[in-house]
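The values are calculated or read from the model by the stated rules, or taken from the named source; none is laboratory data. These figures come from a predicted structure and were not determined experimentally. As a convention, Cβ positions derive from the backbone with ideal geometry for all residues, glycine included, and neighbour counts pool all protein chains shown.
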Amino acid sequence: MKTLPKGFRAGAVAAGLKSNGNLDLTIIENSGPHFQAAAVFTSNQVVAAPVIWSREVMKGQQVRAVVLNSGGANACTGPQGFADTHHTAEKVAQLLEVSASEIVVCSTGLIGELLPMPKIVAGLEEISKKMSQESLLDAAAAIMTTDSVSKISVAQMNGAYCAGIAKGAGMLAPALATMLSVVMTDAILPAHVQEIFTRVTDRTFNRIDSDGCTSTNDTVLLMASGASGVILSDAECESMLTEVCTSLARQLIDDAEGSTKSVEIHVKGARTESDAVEVARACARNNLLKCAIFGGDPNWGRVLAAVGTAQALMDPLTIDVVLNGVHVAKNSAPFEDKNLVSFEGRVVTLEIDLHVGDQSATVVTNDLSHEYVHENSAYST
């Protein structure tokens, strides 16, 4: 059974923030003995009140608990929105008998509407009475918005245990992806864990790109209790966190709004890794290419057209394209019969060789379907 790591407990309730009556509010507490923390936030310049608050909390590099709600983003809500975030942190701190300066706050949902604070306060009081180490599944469910399934990943390293939850199904683009994620471990992590965690998120959550849209609320939080007594090296810490975050990131793409395909874009032969990422992302954000994949059309010309828009070193006459194992283009010209490409199955692989270097990168995206347009045309109605 998937549980929280040692030193953690959580609880969740349906506070009435969601119209469907599902779980929508959760508290995850780190009971120690250590309270190490690291976090990465959205790069969007328009940020929600909880992000502003939590960035300040993280300056102390110590977190006792995180409170997360779905059913409302508390973004673009003015001074009252920030006051509500502050009130939420103060309430959790009171219930757990800790300092509000060590409480991270995360919200997700519709932008531009104030949260119903009486419901949140009542919900927090209810949660505080029934927190346990067995509440991982409930915590994951409470942060879902348009997700069709909850996202959970666990890993072990030398006797230490790590568990992560995430939400996100649309607005998935760096940085990070529209997502809230909490990663918890009972290990004792290196003192410079923020540097390690930033590197991990850059190569996991920041390598998925569903629709090119960046959220106002993105937060990925790491908390470590040290309750196992296991001390991890830099390499062990990075390996464990990468395993959990890679799984969560992939689950986000596999549940992307309206998607029927998950598309792995592998770019090699680039001059630099950043060039490889740039090329892969240009393809991931190309609507014509994504529509072709949705329709099962092996139109590799759209791949080359997308590649050419990237700000990366390339020779436009020496690019190879392999689509689901079929070498459809060699030296930027037709090669194997594109009609041999099969689109059966969920996963589509797109391999691009630039032939100008030895660096590579992978970005994962999804197709663009009728359902995605429908779902996002009526999100607030």
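The table that follows gives values for the structure above.
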{"read-out": "Residue count, segment 266-290 (criterion: under 19 Å from G325 (Cα atoms), in contact (Cβ under 8 Å) with a residue 24 or more places away in the chain and surrounded by 19 or more Cβ atoms within 10 Å (Cβ to Cβ))", "value": "6"}
{"read-out": "Flag for A235 being aliphatic (A, V, I, L, M), part of a loop (DSSP other than H, G, I, E, B), surrounded by fewer than 24 Cβ atoms within 10 Å (Cβ to Cβ) and at pLDDT 90 or above", "value": "no"}
{"read-out": "Selection count where residues are in contact with a Lys or Arg (Cβ under 7 Å, 6 or more places away or on another chain), charged (D, E, K, R) and within 24 Å of T246 (Cα to Cα), scope segment 320-363", "value": "2"}
{"read-out": "Residue match in segment 202-217 (condition: part of a strand (DSSP E or B), surrounded by 24 or more Cβ atoms within 10 Å (Cβ to Cβ) and in contact with a helix residue (DSSP H, G or I) (Cβ under 9 Å, 6 or more places away or on another chain))", "value": "yes"}
{"read-out": "Within segment 272-381, strands (runs of 3 or more DSSP E) holding 2 or more residues that are modelled with pLDDT under 95", "value": "359-366"}
{"read-out": "Among residues of segment 62-91, those that are in contact (Cβ under 8 Å) with a residue 40 or more places away in the chain and within 21 Å of the chain's Cα centre (by Cα), counted", "value": "11"}
